[in-house]
Structures are given as structure tokens and as C-alpha cells.
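These notes concern the structure reproduced below.
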Amino acid sequence: MRPTVLAVLVALAFPVAAALATPPAPSDIPSYVTAAVNDPARKDDTANDDRRKVAELMAFSQVKPGQSVVDLIPGSGYFTRVFSGVVGPKGRVYAVWPNEYGKEAQSDVQASKALVANPHYANVGVLMVPAKEFKTPEKVDLVFTSQNYHDYPDKFMGNVDPVVFDKQVFDSLKPGGLFVVVDHVAEAGSGMRDTDTLHRIDPAIVKKQVESVGFVFDGESDVLRNPKDPHNIKVFDKSIRGHTDQFVYRFRKPG
């Protein structure tokens with residue numbers, strides 16, 4: 001979704017399964033995820049929790065206390081705030097903005113920097129990086145991106161080769177680290193045809209690209225699937241906005 005090497009770091013103190021994952025029952029969601037979702041500091045976010053399935057996505061992403069996480073192109077910071085609560089004071093969250101994307105989302109970038117200034121989110125930092133040079137200051141446990149993988153090959157991002165980007169993500173992860181991609185589903189067989197027009201991407205091309213750099217497909221979740229989405233209209237169309245059919249893929253770096 002569009003609202004825009006060492007990076008500038010702002011205020012940072014700091015058995016494989018390819019089967020479709022059954023949405024976790026409430027009892028299967030770790031207590032530290034539940035606590036992070038129920039954090040009173042996110043009271044303004046809670047109206048969207050059921051629609052965005054935040055607890056289920058956190059459980060699927062396997063994020064844990066003490067880990068280092070990248071929230072790539074974090075938008076309003078919705079997921080950043082939950083990641084912060086899950087990883088806790090011994091963990092780190094990097095809100096990563098490609099410079100090119102940041103030019104078109106200046107208010108969101110400022111919101112990320114304001115979040116970092118809040119002592120409640122002292123484990124969060126902001127990274128501004130060139131779109132073609134994804135890099136983290138340390139090896140991380142998880143790179144998570146929601147509704148933005150499809151932006152990388154587009155003109156405004158500099159026509160980034162997604163395979164090159166995927167290799168950079170691979171290199172940023174610890175052995176065994178995870179790359180979780182959430183995005184809007186395009187028509188089957190369409191590849192990257194609709195990335196800049198409908199803001200959608202064919203899940204099959206994402207899987208092919210990510211696996212090509214050494215990742216192992218580790219599973220998918222259907223918590224954001226919507227069979228009523230026709231896949232051939234813009235994600236901003238009022239008939240579907242906020243309720244698009246979205247795939248959720250998890251990839252693991254061997255090790």
C-alpha cells in the first residue's frame with residue numbers, strides 16, 4: 001500500500017511445514033502476545049484488532065520476548081506497537097522506512113519518530129534506508145512486512161528487483177530467522193503485473209522469488225483470506241478496502 005549503506009538510527013537504545021496454518025485458538029496465542037495486544041497504550045488501535053487479526057499474526061510470526069524485529073514500512077505503527085510489547089525491554093524493534101517510500105508518507109515517518117520519543121516504546125528505533133539497500137545494524141530474528149512487498153518493483157521505489165531485496169532480507173536475518181510477508185492477492189498467474197495499478201501481487205511469484213535466494217517456505221495462514229474479493233480491482237476501491245483477500249506467508253532462513 002502506498003500512502004514513500006548505513007542508515008540513520010533514531011532514538012534506539014539499543015522442522016519446516018508448508019501446510020496452511022489453522023488460525024490459532026485463543027488458548028494457543030502466547031500470553032506475551034495477549035499482554036502486548038491488551039496494552040492500554042494501544043487503546044486507539046483496538047477497534048481494528050479483529051479485522052487485522054493482530055494476535056493471530058503475532059502468533060504466526062513466532063515473535064518472542066527478547067528478539068530483534070524489523071517492521072518494514074510500518075505505516076501508522078500499528079504492528080510496531082505490538083511488536084514492542086512482545087519483545088519487551090530486552091528486545092529491539094526497527095521501524096524501517098525506505099527513503100523513497102518516506103517521501104510519499106512523510107506524516108507516517110514523523111509518527112514513527114514520535115513513537116520512538118515516547119518512553120513507553122524505548123525499545124523501538126527508526127531506520128531510513130535506500131530502497132535498493134535494505135540493511136539492519138545487527139542480525140535480526142524476524143523481518144515482517146504487511147501490504148508493502150508489492151511496492152518494491154514499482155517506479156516510485158526505483159524499480160527494485162524483488163529478488164535482490166529478498167537476498168538482502170536473507171542476509172539481515174540470523175540463522176533460523178523468519179521473513180513474514182502479508183500482501184494483497186492478485187489474479188492467479190498475473191505475477192507482478194498489478195503491483196503499481198491495483199497494488200496487488202500474485203502470491204505464487206512472491207513464493208518463487210523469496211525461495212530463490214535460499215529461504216525455505218515455512219507455512220501460511222488464512223486469517224486474512226476473503227473469497228469475496230474479485231482480485232481485479234484496486235485495493236482502495238470502496239467495495240473492498242480494508243477487507244481485501246490477503247496471503248500471509250512465512251519463510252525461514254536455514255540454520
Can you pull the one-decimal nm distance between simple spin-label points at E187 and D50, each 7 Å off the Cα toward Cβ? 3.4
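For the chain, what does -39500 (n - 2.57) per DSSP helix run (n ≥ 4), summed and divided by total residues, give at 222 nm, in deg cm²/dmol to the nearest 500? Before the final figure, lay out each step's value.
Working: 8 runs with 66 residues, N = 255.
Helices in the chain give a 222 nm mean residue ellipticity of -7000 deg cm²/dmol.
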To the nearest 20 debye, what is the magnitude of the charge dipole of the chain about its Cα centre, counting +1 on the Cβ of each Lys and Arg and -1 on the Cβ of each Asp and Glu? 380
Based on DSSP, what percent of beta bridges with both residues in the chain are antiparallel, to the nearest 5? 40
Solvent-accessible area per residue for the chain (1.4 angstrom probe, square angstrom): 43
For the chain, with all protein chains present and a 1.4 Å probe, just round the carbon and sulfur fraction of the accessible area to a whole percent. 54
Can you tell me which lysines have their Cα less than 24 Å from the Cα of K90? Leave out same-chain residues fewer than eight positions away. K43, K64, K113, K135, K139, K174, K253
Restricting to bridges with both residues inside segment 139-255, how much of the DSSP beta-bridge set is antiparallel, in percent to the nearest 5? 65
Residue (of V160, Y101, V33) at the positive-pole extreme of the chain, dipole from beta-carbon charges: V33
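The values are calculated or read from the model by the stated rules, or taken from the named source; none is laboratory data. Please read all numbers here as calculations on a predicted model, not as lab measurements. Glycine also receives a Cβ, built like all others from the backbone with ideal geometry; neighbour counts cover every protein chain displayed. Surface accessibility is based on the protein's heavy atoms, side chains included, excluding ligands, DNA and RNA. Shrake-Rupley method; radii C 1.70, N 1.55, O 1.52, S 1.80 Å.
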